[in-house]
Amino acid sequence: MEQRHLGRTGLRVSRIGLGTLTWGRDTDEHDAADMLKAFWEAGGTLVDTADVYGDGEAEYLLGRLMDGLVPRRDLVISTKAGSVPDPDRRFDCSRGHLLAALDASLARLGTDHVDLWQIHAYDPETPLEETLQALDTAVNSGRARYAGVSNFSGWQLAKAATWQLAAPGTRTRLASTQMEYSLLQRGVEREVLPAARDLGVGLLPSSPLGRGVLTGKYRHGTPADSRGASEHLAPFVEPYLDDTASHIVDAVTTAADGLAVTPLQVALAWVRDRPGVAAPIVGARTAQQLTAALSVEALSLPDEICRALDDVSAPVHRYPDHDWSTL
């Protein structure tokens with residue numbers, strides 16, 4: 001699998017990442033082992049997790065599999081901290097919480113460092129400088145090799161990345177930002193992606209298949225074994241089952257038929273090759289699903305197909321994103 005630099009850093013990652021959101025909850029150890037082995041054998045390196053995935057079980061499971069199935073040195077392990085199970089405060093990005101969460105993640109993963117450590121979301125209750133100091137401490141102590149953020153808006157990302165760049169050699173530059181990005185969700189193109197490209201921050205798209213909808217599986221109903229039929233994931237899928245999404249899925253399916261590939265391959269290739277993207281994170285439930293996603297490695301979409309998909313999925317961005325004189 002092709003390797004790409006993550007942002008303007010020396011860290012190289014596979015251009016498809018393996019997500020572990022469902023590990024330890026919907027994905028058991030056997031299926032997780034099959035996926036990790038298939039991913040590694042295909043040349044994949046980037047494995048994405050978080051301290052809250054499965055209430056910590058995803059990290060614990062990944063750590064056990066690294067112990068005997070796949071060499072730790074062959075993987076780029078990325079985890080996140082900052083989300084908390086508190087209905088009154090969804091995020092805690094205080095320095096104390098973040099560093100304690102990192103130590104707990106390392107213990108579950110069974111490693112002395114992660115390759116990439118990301119802040120899970122912006123915390124308005126904590127000064128941003130304090131949050132960023134935790135990243136510096138993690139990197140300076142060797143517990144993390146690189147640092148990034150997740151779910152930051154455009155101005156939040158720009159402020160954080162600029163703050164880190166203001167003291168080169170002292171502060172850790174941001175390597176990445178992880179955001180949802182697909183043909184069904186192109187909101188990052190408004191401000192986040194331009195900021196990331198300008199500041200040398202690599203984009204790691206989550207839900208690149210539109211929460212599974214872009215595979216076409218929901219065109220004629222909700223399959224019983226799908227996330228849309230799952231009690232805890234149905235609300236996650238439902239927003240992308242409207243008429244607008246249906247038109248986009250139809251276009252993806254038409255393109256797939258014309259290229260003799262699958263809708264999954266078309267949707268994933270589109271986001272993988274967008275400017276500024278380092279590696280989409282694929283959250284498969286089974287090794288069979290993951291293998292289908294990894295088969296996209298050999299596919300590059302023709303320019304005319306890309307333009308057609310761009311047009312049918314184009315978000316409405318007017319003032320102030322466009323030149324005001326043309327409005």
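Some observations on this one:
- Inside segment 83-98, residues that are of a type outside the set (Phe, Trp, Tyr) and within 22 Å of the chain's Cα centre (by Cα) make up a count of 7.
- Count - residues of segment 161-187 that are within 23 Å of Arg12 (Cβ to Cβ) and of a type in the set (A, V, I, L, M): 5
- Taking the listed residues Leu75, Leu128, Leu132, the one that is closer than 18 Å to Ala58 by Cβ and either in contact with a Phe, Trp or Tyr (Cβ under 9 Å, 6 or more places away or on another chain) or surrounded by 24 or more Cβ atoms within 10 Å (Cβ to Cβ) (or both) is Leu75, with no other qualifying.
- Selected residue [among the aliphatic types (A, V, I, L, M), out of contact with any Asp or Glu (no Cβ under 6 Å at 6 or more places or on another chain) and open to solvent by 30 Å² or more (accessible area, probe 1.4 Å)] from Val139, Val114: Val139
- Of the residues making up segment 97-119, those that are in contact (Cβ under 8 Å) with a residue 12 or more places away in the chain and either out of contact with any strand residue (DSSP E or B) (no Cβ under 8 Å at 6 or more places or on another chain) or assigned to a loop (DSSP other than H, G, I, E, B) (or both) number 8.
- Residue selected from segment 144-192 under the condition in a helix (DSSP H, G or I), among the hydrophobic types (A, V, I, L, M, F, W, C) and open to solvent by 20 Å² or more (accessible area, probe 1.4 Å), by the criterion nearest to Ala134 (Cα to Cα): Trp163
- Spans of helices (runs of 4 or more DSSP H) in segment 223-327 with at least 1 residues at pLDDT 95 or above: 243-259, 263-272, 287-294, 303-313
- Test: residue in segment 85-96 that is open to solvent by less than 50 Å² (accessible area, probe 1.4 Å), more than 21 Å from Leu199 (Cα to Cα) and free of Cβ contacts under 8 Å to residues at least 24 places away in the same chain: no
- Segment 13-68 - residue that is in a strand (DSSP E or B) and among the hydroxyl-bearing types (Ser, Thr, Tyr) and, of those, nearest to Ser150 (Cα to Cα): Ser14
The values are calculated or read from the model by the stated rules, or taken from the named source; none is laboratory data. A quick note: this is a predicted structure, and the numbers were derived from the prediction, not measured. A quick note on method: Cβ atoms are made from the backbone with ideal geometry, for glycine too, and the neighbour counts reach across all protein chains shown. Quick note on the areas: whole protein, heavy atoms, side chains included, nothing else; ligands and nucleic acids left out. Shrake-Rupley method; radii C 1.70, N 1.55, O 1.52, S 1.80 Å.
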